[in-house]
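**Q** Structure incoming, see below.
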Amino acid sequence: GAGVSQSPSNKVTEKGKDVELRCDPISGHTALYWYRQSLGQGLEFLIYFQGNSAPDKSGLPSDRFSAERTGGSVSTLTIQRTQQEDSAVYLCASSLVVTPGEQFFGPGTRLTVL
Amino acid sequence: AQSVTQLGSHVSVSEGALVLLRCNYSSSVPPYLFWYVQYPNQGLQLLLKYTSAATLVKGINGFEAEFKKSETSFHLTKPSAHMSDAAEYFCAVRQIQGAQKLVFGQGTRLTINP
């Protein structure tokens, strides 16, 4: 079947604007992850959803970042009042919760904050 | 806390030569270990994973890695480099129990010289 898809592939925004990034996981995958890839910080975990459990938000860098997952499928990562340091590639991954649960990654959304 | 160190941000080898990419991890609990590859403008693709079974793990595209607990290492090797192996490689660690997030190394960019 189809892999993880993300939209948009590229997003350019002005400092201070809000942005929404979308992730469609692989059908049937109950776990969903967001990571951020930037030159200075490498690949960082942001947030993890598993079924109906409370999400693990331990990687969110500030309260400007939030994410939701509707119906156990599609997820949206929202960044409010964007700053230039938010510029990065945002990667989404999904997995079955069968140990060790290989994570399948989407192509990412490249966010540029001017 | 877990961490991963990849020695060498850039590695260059000749086509047909041995590829060796180094990864050392730190984990207070037994980990799962992964190697991912990222081609330009693409997401991450799993090369191989260690899940506490065999210590020598074979992956796709002729790559393999050996888990050495005494050295806390999980180095990636390929006997003969191909031009198509040019990419960025990431080592990652995850707890067997508990947090599902991947903790990544900083990545190693592999260049293949003709």
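**Q** In whole Hz, with x marking every Gly and Pro, tabulate ³J(HN,Hα) for region A:33-43 from phi via Karplus 6.51 cos²θ - 1.76 cosθ + 1.60, θ = phi - 60°.
**A** Those phi angles translate into 10, 10, 10, 10, 10, 9, 4, x, 10, x, 9 Hz.
**Q** What full-extension length gain, to one decimal in nm, is calculated for B:ASN113 and B:THR77 as 0.36 nm per residue of separation minus the Cα-Cα distance?
**A** 11.3 nm
**Q** For B:LEU110, what charge total do you get from the other residues with a beta carbon under 10 Å from its beta carbon, if Lys and Arg give +1 and Asp and Glu give -1?
**A** With Lys, Arg at +1 and Asp, Glu at -1, the neighbours total 0.
**Q** Between region B:84-114 and region A:36-56, what is the C-alpha centre distance in whole Å?
**A** Between the Cα centre of region B:84-114 and that of region A:36-56, the gap is 16 Å.
**Q** Amide H of A:ALA67: which non-local residues (sequence gap of 5 or more, or other chain) have their own amide H closer than 5 Å, using H built in the peptide plane?
**A** Those qualifying (amide H under 5 Å, at least 5 residues apart or on another chain) are A:THR78.
**Q** For a quick check: with amide H placed at 1.01 Å from N, whose amide H comes under 5 Å from B:ALA17's, ignoring anything fewer than 5 positions away on the same chain?
**A** B:ALA81
**Q** If packing is taken as the average number of other Cβ atoms within 10 Å across a peptide's residues, how do B:84-97, A:50-63 rank, most packed first?
**A** So the order, starting with the most tightly packed, is B:84-97, A:50-63.
**Q** Okay, moving on. Once you put a point 7 Å from the Cα of A:ASN52 and another 7 Å from the Cα of B:ALA17, both along the Cβ direction, what distance in nm separates them?
**A** Simple spin-label model gives 5.7 nm for this pair.
**Q** Next question, about the same structure. With each label point set 7 Å from Cα along the Cα-Cβ vector, what nm distance links B:SER84 and B:VAL29?
**A** In this crude spin-label approximation the distance works out to 3.9 nm.
**Q** Further question: Between A:VAL97 and A:GLU20, with labels modelled 7 Å along Cα→Cβ, what's the label distance in nm to one decimal, could you check?
**A** Result: 2.6 nm between the two label points.
**Q** Keeping to pairs on different chains or 8 or more places apart, tell me how many lysine pairs in the protein assembly as shown have Cα atoms under 19 Å apart.
**A** 10
**Q** Work out the FRET efficiency for A:SER7 and B:GLU64 from their Cβ-Cβ distance, taking R0 = 45 Å, and round it to the nearest 0.05.
**A** My answer for the efficiency is 0.80.
**Q** Which whole-Hz couplings ³J(HN,Hα) result when phi for each residue of region B:45-55 is put into the Karplus expression 6.51 cos²θ - 1.76 cosθ + 1.60, θ = phi - 60°, listed in order with x for Gly and Pro?
**A** Here the 3J(HN,Hα) series is 10, 6, 8, 6, 8, 10, 10, 6, 9, 5, 7 Hz.
**Q** Which net charge results when you count Lys and Arg as +1 and Asp and Glu as -1 among the other residues whose beta-carbon is under 15 Å from that of B:ALA17?
**A** Summing Lys/Arg as +1 and Asp/Glu as -1 gives -1.
**Q** Over region B:25-97, what lengths in whole Å, largest first, do the semi-axes of the equivalent ellipsoid take, defined as the square roots of 5 times the eigenvalues of the alpha-carbon gyration tensor?
**A** Largest first, region B:25-97 gives 22, 14, 10 Å.
**Q** Sticking with this one: Principal axes first, then extents: for the Cα atoms of region A:36-114, list largest minus smallest coordinate on each axis, whole Å, largest first.
**A** Here the Cα extents, ordered largest to smallest, are 40, 21, 20 Å.
Each reported figure results from applying straightforward, stated rules to the coordinates on display, with no laboratory input. What you are looking at is a predicted structure, and each value in this text was computed from that prediction instead of being measured. Glycine also receives a Cβ, built like all others from the backbone with ideal geometry; neighbour counts cover every protein chain displayed.
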